[in-house]
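Contents: one structure, followed by commentary.
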Amino acid sequence: MIKNIVVFFLFTVALVRAQVPRVALPPPGPSRYYIHVVNELSKLGLLVHCQSKDDDLWYHRLLNHGDDYQWNFKVNFWGTTFYWCKLETPHAYVSFESFWPKTQHLRLRDRCEHGTVGTCIWMAKDDGIYLRNFLANVDELIHKWIYKR
């Protein structure tokens, strides 16, 4: 009798296991993000000021074409890490969010995640601010300059 119960139990477990659909979990996001702000302006220098609620990264001057300011971080435990930047030339400026949680908008996930490392490259060009889209191999215009009076 006990043998029959054991066989029935094992048969039931095997049957249930065969019927439970396998749920594919999404791959984990990057453990660290690297954010770049690159001066791609044809003539003018660039003043960069980036910060989060808890971390002011101060002002940085990117005087030459190709100069790159960068920082890196790990997303906080709650997944609420958020950075914004203000880029300024003598004639124009723009303020924008440079990193935000995936739950708010998927634009960064689709452009900045590469396995266990995330790299976002923001570029200041003559007509505005671009974000590098690695998958499509293009720079996408995200923000236009606001011209000073």
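The values are calculated or read from the model by the stated rules, or taken from the named source; none is laboratory data. Because the structure is a prediction, the values reported are computed rather than measured. FYI the Cβ positions are ideal-geometry reconstructions off the backbone, even for glycines, and counts take in every protein chain you see. Accessible surface is based on the protein model in full, side chains and every heavy atom, while ligands, DNA and RNA are left aside. Shrake-Rupley method; radii C 1.70, N 1.55, O 1.52, S 1.80 Å.
General observations
- Highest mean packing comes first when the peptides 37-47, 65-75, 139-149 are listed by Cβ atoms within 10 Å, giving 37-47, 65-75, 139-149.
- Calculated FRET efficiency, Trp100 to Ser42, Cβ-Cβ distance, R0 = 35 Å: about 0.75 to the nearest 0.05.
- Listed peptides 77-90, 118-131 appear in the order 118-131, 77-90 once ranked by packing, highest mean of other Cβ atoms within 10 Å at the front.
- Average projection area in nm² (convex hull over Cα atoms of segment 32-147, one quarter of hull surface): 7.0
- Here the simple spin-label model places points 7 Å from the Cα toward Cβ, and for Asp127 and Asp56 these points are separated by 3.6 nm.
- One chain, two ends: Leu135 and His91. Fully extended at 0.36 nm per residue, the span grows by 12.5 nm beyond their Cα-Cα distance.
- The simple Förster model, with R0 at 22 Å and r as the Cβ-Cβ distance, assigns His143 and Tyr34 a FRET efficiency of 0.60.
- Per residue accessible area in Å² of segment 32-147, where ligands, DNA and RNA are left out and the probe is 1.4 Å: 57
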